[in-house]
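Here the structure is laid out as structure tokens; the discussion comes afterwards.
The values are calculated or read from the model by the stated rules, or taken from the named source; none is laboratory data. Only a predicted model underlies this, so the values are computations on that prediction, with no experimental measurement involved. All Cβ positions, glycine included, derive from the backbone under ideal geometry; neighbour counts span all protein chains shown.
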Amino acid sequence: MCFFYEQHPMKTRASIRRMVYASLFGAATAAGAFIMIPLPPVPITLQTLILYLAAALLGGRLGALSQIIYLIIGIMGFPVFAGGKGGLGVLMGPTGGYLIGFVAGAYVLGKLLEIPKAPQLPWMICAMGVGTLIIYLFGVAQLILVARLSLSKAIMVGVLPFLIGDAVKVTAASLAALKIKKHIRLSP
Amino acid sequence: MYRMGQYLLRDSRVHQLDPRIKIVSVILMSILVLYGEPVTQSMITLFLMVLLPLSRTGIRPIQQALKPMLIFFAFLFFLHLFFTHGTPIPPFPSWRVTLTYEGLYTGAFTTWQFLLLVVTAAFLTMTTSPSELVGAIERLLRPFKRMGLPSDDVAMMISLALRFVPTLLEEIARTRDAQTARGARFNQGGILQRLRAISSLVLPVILSTLRRADALAVAMEARGYGGGDRTMLQELSLRRADYVAMTLMGLFAGAGFMTCTSLGQTLWPVFSQPS
């Protein structure tokens, strides 16, 4: 029994589909990291927006798996992290905490959205907000530990500049997820 | 257009090495670099300088790999320069901010550290093709198969994702152009307008990603994926050169770790107390 999906000796259609969904959303996260949209104070990338959608549409486990795939591609050295970075060094560097937080954030956010049968907009925004908080938590922790910043300084450089952008992304992702869920029933 | 990875086809000793050894070496070196010990960092710098002519890649691709990191390096350097307490540097007493010797040292040192990490990772991707890398990861994860980690599926997922990053990137760019032509504005207007513009970009992209995934799943099933055990086209095997490299790397890493621990570093640098 695997953590992410059940294993059958002969793979069923659903399990192949789950695999493909997770890897394509991992790829989409990587592609999203390249798309910059200018927004004061710091430009935003679509990376976490696609993370929210992956977790909301695929659920906690598959959402987290898609982010693990994204991280593995990055660790292998492909320049898929924000700003064209790649390699294990980025993950272990000062800003690597956010990337590790992606997996945890996607898992929790997906799980939260699995609780109600048909999540509405407020619940959607709350769950994505919690996911974002978890990403910040990991990010700030690593900033403190690796870059040796104090807590207040870490929050100043690692959370405050991104608040507006992330609020926009959470709202956009909630609206998009609701719209997509209305039209498409995902089978996994 | 954007190029995925920077694999350079050359006929060199480094290229011919078993990819598994290269991956493990990069991980070992990264850990060594993160110890933050000047002696080991000089050792690794020397090692990379030896590797450069051996791998026959030339200096240009390394410059290209470092280019996107320049802003990050500058940010890191100045962050430490301006925000470290210590003895102030005399020539600049009249400035609003005080620059300190400690700040200069930590800034330069941390930048050096991350420069090494980036160059090490760049060497791996320059000398190893993506399919070799995926094959090596599959082989390295195989021992975890008993714990329920499907290593062949993971490898398949990685290669799928790698294959689709450029495709999706192109798709996003095309959708962005299409929506701009229809009046969406991504870089002007209030927050509400941008929100709408972003949704108009993301919705079509996600829908087409899902559509692609469905088609791909059907295609894989039609070709019998998962119908039994998979075998590799080229099974990795260690040759004499690989054993030599492995021994050298082992000695190098061993020496590095010895230096670090004898200089009083804790086992894991991250948990050492911030000064």
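Just one of B:Arg163, B:Arg196 is outside the structural domain of B:Arg20 (by TED's automatic domain parsing), of a type in the set (Lys, Arg) and within 30 Å of B:Gln16 (Cα to Cα); which is it? Just a single option satisfies the conditions, and that option is B:Arg163. Looking only at residues in the stretch B:177-194 that are of a type in the set (Lys, Arg) and at pLDDT below 90, the one that is surrounded by the most Cβ atoms within 10 Å (Cβ to Cβ) is B:Arg194. The set of residues in the stretch B:144-182 that are more than 21 Å from the chain's Cα centre (by Cα), under 19 Å from B:Val205 (Cβ atoms) and not charged (D, E, K, R) comprises B:Ile172, B:Ala173, B:Thr175, B:Ala178, B:Gln179, B:Thr180, B:Ala181. In the stretch A:87-100, is there at least one residue being hydroxyl-bearing (Ser, Thr, Tyr), at pLDDT 80 or above and in a helix (DSSP H, G or I)? Scanning the stretch A:87-100 turns up at least one residue that is hydroxyl-bearing (Ser, Thr, Tyr), at pLDDT 80 or above and in a helix (DSSP H, G or I).
If only residues of the stretch A:146-163 that are at the interface with chain B (Cβ under 8 Å from one of its Cβ atoms) and part of a helix (DSSP H, G or I) are counted, the one that is nearest to A:Val90 (Cα to Cα) is A:Val146.
Any idea which residue in the stretch B:165-220 is farthest from the other protein chains (Cβ to nearest Cβ), counting only those that are charged (D, E, K, R) and not in a helix (DSSP H, G or I)? Out of the qualifying residues, it is B:Arg182. For the stretch A:164-188, a tally of residues being over 30 Å from A:Ile16 (Cα atoms) and more than 9 Å from chain B (Cβ to nearest Cβ) returns 2. Within the stretch A:26-48, the set of residues being at the interface with chain B (Cβ under 7 Å from one of its Cβ atoms), of a type in the set (A, V, I, L, M) and under 17 Å from A:Pro161 (Cβ atoms) comprises A:Ile37, A:Leu39.
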